[in-house]
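Chemist: Before we start, here is the structure in question, set down as structure tokens.
The values are calculated or read from the model by the stated rules, or taken from the named source; none is laboratory data. Quick caveat, the model's predicted, so the values are computed rather than measured. In this analysis, Cβ positions are derived from the backbone assuming ideal geometry, glycine residues included, and neighbour counts consider all displayed protein chains. The accessibility values were calculated without ligands, DNA or RNA, using every heavy atom of the protein model including side chains. Shrake-Rupley method; radii C 1.70, N 1.55, O 1.52, S 1.80 Å.
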Amino acid sequence: MTDAGFPIWWYVAPTIVNTFLEKYNLNGKKIVLFATSGGSGFGNTVSELKVSAPGADIVEGKLLNGLSKTEIENWVKELD
């Protein structure tokens, strides 16, 4: 499993995230997204990133806005 974190910009990931995904062969990998946001949710993020990582299982994870370190650590433990 791979984690991918970034700020959400108008319901999508920044373009640099697509560039990163396109550079590596992530076929068969599960990618769990996490992000921060000023107010928008994941929106079209998952569908737009899937194009850049064919064969990867990209899933919406969690917005980390306002979460404590302990809450984030507990969420990460749940992913295993």
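Chemist: Calculated FRET efficiency, Ser68 and Ser40, Cβ-Cβ r, R0 30 Å, to nearest 0.05?
Modeler: My answer for the efficiency is 0.85.
Chemist: Further, regarding this structure: From the P(r) of the chain, could you give the percentage of C-alpha pairs in the tail past 22 Å?
Modeler: Beyond 22 Å sits 23 percent of the P(r) for the chain.
Chemist: Would you mind working out the accessible area per residue for the chain, using a 1.4 Å probe, and quoting it in Å²?
Modeler: 65 Å²
Chemist: Counting DSSP beta bridges with both partners in the chain, what percentage is antiparallel, nearest 5?
Modeler: In the chain, approximately 10 percent of DSSP beta bridges are antiparallel ones.
Chemist: By how many nm would the segment from Trp9 to Lys77 grow when fully extended, if each residue of separation counts as 0.36 nm and the alpha-carbon distance is taken off?
Modeler: 21.8 nm
Chemist: With all protein chains present, how much of the accessible area of the range 3-78 (probe radius 1.4 Å) comes from carbon and sulfur, to the nearest whole percent?
Modeler: Its accessible area is 54 percent carbon and sulfur atoms.
Chemist: Here's another thing I want to ask about it. Quick one: compute a quarter of the convex hull surface over the Cα atoms of the range 20-67 and quote it in nm².
Modeler: Approximately 3.5 nm², given one-decimal rounding.
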